[in-house]
Amino acid sequence: MSSTTALLEVIALSAQDAERAQEGGADRLELVADMADDGLTPAEETVRAVLAATDLPVRVMLRAENSFAAGGLDALRATAAGLVEAGAREFVFGFLTEGAEVDVDACRSLVKEIDGQPWTFHRAIDRARDPLAACAVLAELGCDTVLAAGHPNGVGSGLSVLQRLARREDGPKLLVGGGLRAQQVHLLRAGGVRGFHVGGAVRPSGWDAPVDVAAVREWAELTKG
């Protein structure tokens, strides 16, 4: 994605979601499980099914529990190895220390396990002590994308931080998501944001229902129009 090309990433839970998101005009998928826990690692068989159902790029979540602490890193590394074996080539993860800094050691360990494949540092950034400084650290780790709402409570509370993140001239690309609403897109685009991430917004019937093609199409038109 260039600095001027918009990107729409859609959360997928299944192969059906992947097919529907692609039909609606999504550019990339974030594949997760257990949205009740804000997104955890999907099963290997789900990864295989999704990769077979779409030719969109698929970023697979590496997160064992609803926490931004690394926790059982050895187990997570083994999980990462299994996902690579299942065909995953892009990932999503992110950990903070108790001091709310990027957990460099944990992230570097997973980067080694995925053999330098592209990865997104997820919304742990919204709980970092200094999100701008965190982005500089992530750049050194080789991270190419940071998913942020600007605030733990979501985009509506984080617009000022997002604007600062968008003004950076280098480092990971900014992908905005987390309670993102359609009426916020124009302001974000005007501030230089080109990456948008949606989940519940394209599931008008809730997380128990599949991605809605028409809703994805509306978001694709909104973010790229």
**Answer residue from the range 77-86, given it is of a type in the set (Gly, Ala, Ser) and under 13 Å from Pro42 (Cα atoms) and is nearest to the chain's Cα centre (by Cα) among those** = Ala80
**Message:** So in the range 64-81, with the set limited to residues that are touching a residue at least 24 places away in the same chain (Cβ under 8 Å) and closer than 14 Å to Val111 by Cα, which one is surrounded by the most Cβ atoms within 10 Å (Cβ to Cβ)?
**Reply:** Ala80
**Message:** I'd like to check something: does the range 16-23 contain any residue that is surrounded by fewer than 18 Cβ atoms within 10 Å (Cβ to Cβ), within 18 Å of Glu218 (Cβ to Cβ) and not β-branched (Val, Ile, Thr)?
**Reply:** yes
**Prompt:** How about the range 115-131: which of its residues are out of contact with any Asp or Glu (no Cβ under 7 Å at 6 or more places or on another chain), modelled with pLDDT of 95 or more and more than 24 Å from Asp37 (Cα to Cα)?
**Reply:** Asp130
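If we keep just the residues of the range 95-121 that are in a loop (DSSP other than H, G, I, E, B) and polar (S, T, N, Q), which is farthest from the chain's Cα centre (by Cα)?
Thr97
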**Request:** Among what's in the range 127-143 and is in contact with a Leu (Cβ under 9 Å, 6 or more places away or on another chain) and not basic (Lys, Arg), pick the residue that is nearest to Gly99 (Cα to Cα).
**Result:** Ala128
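Listed here are the residues, each with its yes/no results for (1) under 15 Å from Gly94 (Cα atoms); (2) within 15 Å of the chain's Cα centre (by Cα); (3) of a type in the set (S, T, N, Q); (4) outside any helix (DSSP H, G or I).
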| site | (1), (2), (3), (4) |
| --- | --- |
| Arg129 | yes, no, no, yes |
| Val161 | no, no, no, no |
| Leu165 | no, no, no, no |
| Gly171 | no, no, no, yes |
| Leu174 | yes, yes, no, yes |
| Pro210 | no, no, no, yes |
**Fill in**
So, first residue over 19 Å from Asp208 (Cβ atoms) in the range 29-53, second residue open to solvent by 40 Å² or more (accessible area, probe 1.4 Å) and assigned to a loop (DSSP other than H, G, I, E, B), Cβ within less than 6 Å, six or more apart or across chains; the pairs are none
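So that you can scan it fast, the table gives a plain yes or no per residue for (1) open to solvent by less than 60 Å² (accessible area, probe 1.4 Å); (2) in contact with a strand residue (DSSP E or B) (Cβ under 6 Å, 6 or more places away or on another chain); (3) not aromatic (Phe, Trp, Tyr):
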site	(1), (2), (3)
Arg129	no, no, yes
Leu138	yes, yes, yes
Gly142	yes, no, yes
Thr145	yes, yes, yes
Ala149	yes, no, yes
Val155	yes, no, yes
Leu159	yes, no, yes
Leu165	yes, yes, yes
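The values are calculated or read from the model by the stated rules, or taken from the named source; none is laboratory data. On a predicted model such as this, the values are computed, not experimentally measured, just so you know. Note that we place each Cβ from the backbone using ideal geometry, even for glycine, and neighbour counts take in every protein chain shown. Each accessible area value is taken on the protein alone, full model and side chains, heavy atoms only, with ligands, DNA and RNA left out. Shrake-Rupley method; radii C 1.70, N 1.55, O 1.52, S 1.80 Å.
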